Amino acid sequence: MASEVAHGAAPKLDPLHHFQVVKVVPISLFGLDLSITNSTIWMWLAIAALYAFFHFAFKNSTKVPGRLQSVGEVLFLFVKGIVDSTVGGDEAKRYFPYIFGLFLLVMGCNLIGLIPGSFTATSQLAVTGTLAMGVFIFATGLGFKRHGAHYLHFFVPSGLPKLLLPLMVPIEIISYLARPVSLSVRLFANMTAGHTVLAVLFFFSATLPWFGNWLPFGFAVIFTAVEIFIGIIQAYIFTILTCVYINDAIHMH
Amino acid sequence: MASEKSSRDETGSSKPDHTGPGAAAAGMSFGMRMASELVSAVMVGAGLGYLLDSWLETQPWMTVVFLFLGVAAGFRNMYRAVNPDNSERFKAGQ
């Protein structure tokens with residue numbers, strides 16, 4: 001908040017300014033901080049935009065889809081293809097709503113964050129960490145529910161000499177525990193890095209004199225296109241890794 | 001969307017073989033993915049070792065041991081990420 005005051009005097013390079021979480025409606029319940037922040041609001045807006053999109057896309061659905069309807073169908077079939085190819089079979093159908101919802105939420109937050117002046121909820125480690133922990137707990141719970149204690153064999157690689165077990169089992173456990181961390185850090189790092197670069201480029205184009213400002217501006221325009229792709233790809237990677245983890249829990253390779 | 005789909009396999013690893021913003025984004029995502037696989041396992045290993053240390057009061061040995069185990073797990077995760085089919089088998093020596 002203090003940096004907003006400093007903006008008045010001279011332009012100051014502060015590319016991390018737009019990652020600041022600001023409380024809009026402070027709420028405190030039983031000592032818990034449940035305030036509505038700008039992050040919450042933009043996440044809601046992303047969900048609302050997705051809801052409106054699917055509402056209008058399938059409002060008058062026809063056999064030969066119109067423009068909006070085809071985009072909706074492409075999204076649906078895209079995620080269905082991922083789920084079918086990684087999890088597969090009838091199992092896939094049961095977890096499809098969860099996976100599709102996750103994909104849409106991540107993609108919606110990534111893309112709506114590209115609107116200038118908006119806030120990217122997925123650039124907060126708390127948000128991505130919560131999503132990743134949800135996936136992790138869900139997949140682990142599913143594995144134990146499906147296989148019982150046998151699921152612990154997951155940590156013992158097959159065909160390994162007995163002598164190496166004391167070394168490999170801790171490594172496998174760490175590698176398993178690293179899943180939610182890498183899942184959340186990847187999404188958060190991609191979003192934060194991309195938006196920081198955009199902020200720096202736009203700052204340069206706003207402060208350089210007329211003969212230089214078009215260069216960073218051009219880069220910023222190109223990089224915005226790259227960011228759109230990154231937003232979609234990151235949602236895709238998040239989804240596909242969720243499928244891989246669920247598949248591991250069901251089939252235990 | 002079709003452009004980056006074609007260049008990626010099922011685990012999100014990719015070999016950018018064309019140009020344009022889609023390829024740049026795919027390459028950046030791939031690099032970021034590898035980095036996060038390695039770094040997160042090291043972080044988890046070191047954190048686990050630190051917790052074990054404060055629990056068993058064996059400073060600093062568990063942190064050191066688990067840091068190295070974390071590095072190994074990170075490389076294992078990276079190997080898994082680029083080589084999904086062959087990751088769970090130790091074919092050598094069987």
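The values are calculated or read from the model by the stated rules, or taken from the named source; none is laboratory data. Owing to the predicted nature of the structure, the values given are computational and were not obtained by experimental measurement. Neighbour counts are summed over all protein chains in view; Cβ atoms, including those assigned to glycine, are modelled from backbone coordinates with ideal geometry.
Within segment A:31-41, being aliphatic (A, V, I, L, M) and part of a loop (DSSP other than H, G, I, E, B) holds for one residue alone: A:LEU34.
Would it be correct to say that A:PHE144 is out of contact with any Leu (no Cβ under 6 Å at 6 or more places or on another chain), part of a helix (DSSP H, G or I) and under 22 Å from B:SER29 (Cβ atoms)? So A:PHE144 fails the test. Going by the structure shown, is A:SER158 without any contact (Cβ under 8 Å) to a residue 12 or more places away in the chain, among the hydroxyl-bearing types (Ser, Thr, Tyr) and over 17 Å from A:CYS243 (Cβ atoms)? Yes; evaluated as a whole, the condition is true for this residue. Output the residues belonging to segment A:154-209 that are under 19 Å from the mean Cα position of the chain (by Cα) and either of a type in the set (Ser, Thr, Tyr) or loosely packed, with under 14 Cβ neighbours inside 10 Å (or both). Result: A:SER182, A:SER184, A:THR192, A:THR196. Residues in segment A:112-135 that are part of a helix (DSSP H, G or I), out of contact with any Cys (no Cβ under 8 Å at 6 or more places or on another chain) and crowded, with 20+ Cβ neighbours inside 10 Å: A:ILE112, A:SER123, A:THR128, A:LEU131, A:ALA132, A:VAL135. Tell me, please, whether a residue that is out of contact with any Ser or Thr (no Cβ under 8 Å at 6 or more places or on another chain), over 28 Å from A:VAL200 (Cα atoms) and assigned to a strand (DSSP E or B) can be found in segment A:11-30. Within segment A:11-30 (the criterion being out of contact with any Ser or Thr (no Cβ under 8 Å at 6 or more places or on another chain), over 28 Å from A:VAL200 (Cα atoms) and assigned to a strand (DSSP E or B)), the answer is yes, since at least one residue qualifies. Residues of segment A:184-203 that are more than 8 Å from chain B (Cβ to nearest Cβ), out of contact with any Gly (no Cβ under 9 Å at 6 or more places or on another chain) and within 27 Å of A:GLY134 (Cα to Cα): A:LEU187, A:THR192. Scanning segment A:1-40 for residues that are at positive phi and either in contact with a Pro (Cβ under 8 Å, 6 or more places away or on another chain) or modelled with pLDDT of 80 or more (or both) yields a total of 0.
Among the conditions (1) of a type in the set (Phe, Trp, Tyr); (2) under 21 Å from the mean Cα position of the chain (by Cα); (3) more than 22 Å from A:GLN234 (Cα to Cα), A:PHE56 misses just one, which is (2).
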